[in-house]
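Chemist: I have a structure here, written as structure tokens, and I will follow up with some questions on it.
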Amino acid sequence: TQLLEQSPQFLSIQEGENLTVYCNSSSVFSSLQWYRQEPGEGPVLLVTVVTGGEVKKLKRLTFQFGDARKDSSLHITAAQPGDTGLYLCAGESTGTSYGKLTFGQGTILTVHP
Amino acid sequence: SAVISQKPSRDICQRGTSLTIQCQVDSQVTMMFWYRQQPGQSLTLIATANQGSEATYESGFVIDKFPISRPNLTFSTLTVSNMSPEDSSIYLCSAGSGANVLTFGAGSRLTVL
């Protein structure tokens, strides 16, 4: 079973601060996805990274896939209260069918005004 | 990307009873999956719902406990059988096709007394 270790589990910061969430595994993934989930809703896809070393930016969010495709990070610059939520990384294993995802434990982010 | 409707959105059930959760997609999709998200935890894949054939279950999940149907390319059901308090969780349906974005439903929050 492939595991994704996500850290930190909880993050409580002030508006305007920067933060980074990490997702690590000993296994190689064909792709890695980041989701944001709000209470009462399902996870919403933020980004998919596929190529080792790939960096993608989504406004104040920067996503990076490790060169070996075993780890990823999400960096948020100048966090806003609207960024509050549960952030999940999920990996699609090599050799498995599309859509079978292994999720990290999640990071609960709280941004205080 | 597909839009998913799940119902019920929440339910409170008695121990020993069974509940069927429905997942309706607004377009035909190749893949449909069922996940479980226990309180304060991440998502765990229960099974892949295969159209016209038996679902493919992940380790730790069995058909007798979680029977799944998928009669066509837009609809699936998950039944939680002979429920116990340990089954209290959020059950999420996800769907997608090929390179399309994998979409999640809002989830069905189940509480077993």
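Chemist: Out of the strands (runs of 3 or more DSSP E) lying entirely within chain A, which hold 2 or more residues that are farther than 30 Å from residue B:11 by Cβ?
Modeler: Ranges flagged: A:5-7, A:10-14, A:19-24, A:29-37, A:44-49, A:55-58, A:61-65, A:71-76, A:85-93, A:107-112.
Chemist: Also: Condition first: within 13 Å of residue A:91 (Cα to Cα) and within 11 Å of chain B (Cβ to nearest Cβ). Now tell me which residues in the stretch A:38-56 satisfy that.
Modeler: A:45, A:47, A:48, A:50, listed by residue number.
Chemist: Is at least one residue of the stretch A:64-72 within 11 Å of another protein chain (Cβ to nearest Cβ), open to solvent by 10 Å² or more (accessible area, probe 1.4 Å) and not β-branched (Val, Ile, Thr)? Working first, answer last.
Modeler: From the stretch A:64-72, those within 11 Å of another protein chain (Cβ to nearest Cβ) are none; that's our starting set.
Looking through the stretch A:64-72, none of the residues is within 11 Å of another protein chain (Cβ to nearest Cβ), open to solvent by 10 Å² or more (accessible area, probe 1.4 Å) and not β-branched (Val, Ile, Thr).
Chemist: If a residue must be within 14 Å of the chain's Cα centre (by Cα), of a type in the set (A, V, I, L, M) and open to solvent by 40 Å² or more (accessible area, probe 1.4 Å), how many such residues does the stretch B:40-98 contain?
Modeler: Adding up the residues that qualify gives 2.
A quick yes/no check of all residues on (1) aromatic (Phe, Trp, Tyr); (2) touching a Gly at 6+ places or on another chain (Cβ under 6 Å); (3) more than 8 Å from every other protein chain (Cβ to nearest Cβ):
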site	(1), (2), (3)
B:27	no, no, yes
B:30	no, no, no
B:37	no, no, yes
B:45	no, no, no
B:62	no, no, yes
B:71	no, no, yes
B:104	yes, yes, no
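Chemist: List every residue pair whose Cβ atoms lie under 7 Å apart, where the two residues are 6 or more positions apart in sequence or sit on different chains, the first residue falls within the stretch A:97-113 and is closer than 15 Å to residue A:79 by Cα, and the second residue, located anywhere, is crowded, with 17+ Cβ neighbours inside 10 Å and of a type in the set (Phe, Trp, Tyr).
Modeler: From the stretch A:97-113, the pairs are A:107/A:87; A:109/A:87.
The values are calculated or read from the model by the stated rules, or taken from the named source; none is laboratory data. Everything numeric here is computed off the predicted structure, so don't read it as measured data. Quick reminder, even Gly has a Cβ in these numbers, built from the backbone with ideal geometry, and neighbours come from all protein chains shown. For accessibility, only protein heavy atoms count, side chains too; no ligands or nucleic acids. Shrake-Rupley method; radii C 1.70, N 1.55, O 1.52, S 1.80 Å.
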